[in-house]
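The values are calculated or read from the model by the stated rules, or taken from the named source; none is laboratory data. The structure presented is a predicted model; accordingly, all values stated were derived computationally and were not measured. Here the Cβ is made from the backbone with ideal geometry for all residues, glycine too, and neighbour counts use every protein chain on show.
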Amino acid sequence: MPYDTQIRNGKIVTATDTYSADIAIAGGKIIAIARDLPAEGARRTIDAAGRMVMPGGIDVHTHLDMPFGGTTSSDDFETGTRAAAWGGTTTLVDFAIQYHGQTLRQAFDTWMKKAENKATIDYAFHCIVTEFSDAHAKEMKALVSEGVTSFKLFMAYPGVFLLDDATIFRAMSAAADTGALICLHAENGGAIDVIVQRALAEGKRAPKYHALTRPTVAEAEATGRAIALAEMAGAPVYIVHLSCSQALDRVREARERGLPVFAETCPQYLFLSLENIDVPGFEGAKYVFSPPVREKWNQEKLWHGLAQDDLQVVSTDHCPFCFKEQKEMGKNDFTKIPNGGPGVEHRLSLTYSGGVHGGHFSPNRFVQLVATAPAKLFGLYPRKGTIAVGSDADLVIFDPEAESVLSAKTHHMNVDYSMFEGMRVKGVPRTVLSRGEVILDDGEFLGRPGRGSFLRRQTHGTL
Ligand code: URP
Ligand code: ZN
Ligand code: ZN
């Protein structure tokens, strides 16, 4: 049978298996996996000798072209998806925001227009809910049938995104009826706001006060409350960007009780700490995001959580703002620093480097965390997130021994700094295929804006 492309001599690594085989691709799909496939008939052959062949990464938490904190995140769907591809991510799930007074559909339509003709890789949307009436419950059902099957609610950012418990509970109850998955930003925004106002009154204005006014207990309390509300509603819940041991304890306890509770963490919580934000001058603004950086000892707990399946996913919460002009909006007041940091490009390298080379988990668990579990939880599996006959040929040829130094001088994100400046990582994506098309090949980007497709997702699956 003629193929478009064949990947030969690689070591296939999925969430469950590691084996040597060749992969044949036609029409953007994997059509055969076998030892020593006949070479003739393939238009293109890629030699993956000495390298891992893994499913394309799936980042289920990005904010591209997102108005926030008086400005807009600096990567749009063109630059953000291109940077993702450089890092071995072939699918993004971004957030469409329902602003006050808007329908959920308006949010979806707005973000579809932002992505159209720009995305280089495939993409889908969660919807951020800021109001939830009976009419919105009907809309939730309609959106689920159109492939928007997860919704993010906030317990933080009073006056902007924060929802009260009754509204969260109503949305969770509707999700239980429709099969939608509710994602929670779990921080007690009301209490944090009081602590912030006290700090400002005491003249505490430097970036580090962003972290010092958002205690771990505020995250743990909200995480526990989110889980309790979901339990009452009979709905599963997914805790986004979990940052600390105390919140992780709430997730672990719930999972031990058998509740359908899931959580992600992000590289910034695995590699950065209060030491990064507590520096002289304004430099700490580079590390202002929410939840904030924590005391360093939390990192080991998070790695352990990823290894033990207390945490199921590594996403990035990519929400870049340039240091010049954007972060600088908060030069004299930490509350005016736009919250968010860049990370979409380096998720695979950081997770492999710290997780596999750091001795925390196997290459299979790495694949599970960055591709398979996100695909399953967010209704993309088995089209995405694995290497199987019939799946999209979204593949990464990954060199597990290659090293690279992360820097704003060399990255492809549209932002003027790196949160991981100077960090050496081991494990580098070399060649990236999206639906069978080579979009990155040994340092050359071959994708093009607009080739990415919107993905209608199924409702969440189990792991
Ligand atoms: O600081 C952050 N995390 N910015 C992005 C918005 C959010 O809360 O995820
Ligand atoms: Zn959030
Ligand atoms: Zn976010």
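Side notes on the structure shown:
- Selection count, the stretch 330-349, where residues are more than 13 Å from the chain's Cα centre (by Cα), assigned to a loop (DSSP other than H, G, I, E, B) and more than 16 Å from ligand 2 (Cβ to nearest atom): 3
- Selection status of Leu153, closer than 21 Å to Gln106 by Cα, assigned to a helix (DSSP H, G or I) and out of contact with any Ser or Thr (no Cβ under 7 Å at 6 or more places or on another chain): no
- Criterion: surrounded by fewer than 24 Cβ atoms within 10 Å (Cβ to Cβ), of a type outside the set (D, E, K, R) and either in a strand (DSSP E or B) or modelled with pLDDT of 95 or more (or both) - qualifying residue of Pro429, Pro400: Pro400
- Listed by first and then second residue, the pairs linking a residue in the stretch 341-358 that is under 26 Å from Pro207 (Cβ atoms) to a residue that is of a type in the set (D, E, K, R), with Cβ atoms under 9 Å apart and 6 or more places separating them unless they lie on different chains, are Gly341/Lys286; Gly341/Asp317; Pro342/Asp75; Gly343/Asp59; Gly343/Asp317; Val344/Asp59; Val344/Asp75; Arg347/Asp59.
- The listed residues are Asp317, Asp310, and the only one of them that is within 25 Å of Ser73 (Cα to Cα) and at pLDDT 95 or above turns out to be Asp317.
- Hits in the stretch 68-94 - residues which are touching a residue at least 24 places away in the same chain (Cβ under 8 Å), within 15 Å of ligand 1 (Cβ to nearest atom) and either in a helix (DSSP H, G or I) or closer than 20 Å to Cys322 by Cα (or both): Phe68, Gly69, Gly70, Thr71, Ser73, Ser74, Asp75, Gly80, Asp94
- Pairing residues of the stretch 50-65 that are part of a strand (DSSP E or B) with residues that are of a type in the set (Asp, Glu), at Cβ distances under 8 Å and at least 6 apart in sequence or on separate chains, gives Met52/Asp399; Pro55/Asp394; Val60/Glu264; His61/Glu264; His61/Asp317; Thr62/Asp94; Thr62/Asp317.
- Residue under evaluation Glu146, criteria (1) within 14 Å of ligand 1 (Cβ to nearest atom); (2) more than 14 Å from Ser290 (Cβ to Cβ); (3) surrounded by fewer than 16 Cβ atoms within 10 Å (Cβ to Cβ), criterion not met: (1)
- Total residues in the stretch 210-243 satisfying the condition of being within 15 Å of ligand 1 (Cβ to nearest atom) and either among the small types (Gly, Ala, Ser) or farther than 16 Å from Glu264 by Cα (or both): the figure is 8.
- Candidates Asp177, Asp193 - the one that is within 16 Å of ligand 1 (Cβ to nearest atom), out of contact with any strand residue (DSSP E or B) (no Cβ under 7 Å at 6 or more places or on another chain) and assigned to a helix (DSSP H, G or I): Asp193
Every residue, every condition in (1) more than 22 Å from the chain's Cα centre (by Cα); (2) within 25 Å of Leu272 (Cα to Cα); (3) of a type in the set (Val, Ile, Thr), yes or no:
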residue: Lys384; (1), (2), (3): no, no, no
residue: Ala388; (1), (2), (3): yes, no, no
residue: Asp394; (1), (2), (3): no, no, no
residue: Ile397; (1), (2), (3): no, no, yes
residue: Pro400; (1), (2), (3): no, yes, no
residue: Val405; (1), (2), (3): no, yes, yes
residue: Ser418; (1), (2), (3): no, yes, no
residue: Gly422; (1), (2), (3): yes, yes, no
residue: Val425; (1), (2), (3): no, yes, yes
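- The criterion of at least 3 residues that are crowded, with 24+ Cβ neighbours inside 10 Å and hydrophobic (A, V, I, L, M, F, W, C) is met by the following helices (runs of 4 or more DSSP H) wholly inside the stretch 215-329: 216-233, 245-256.
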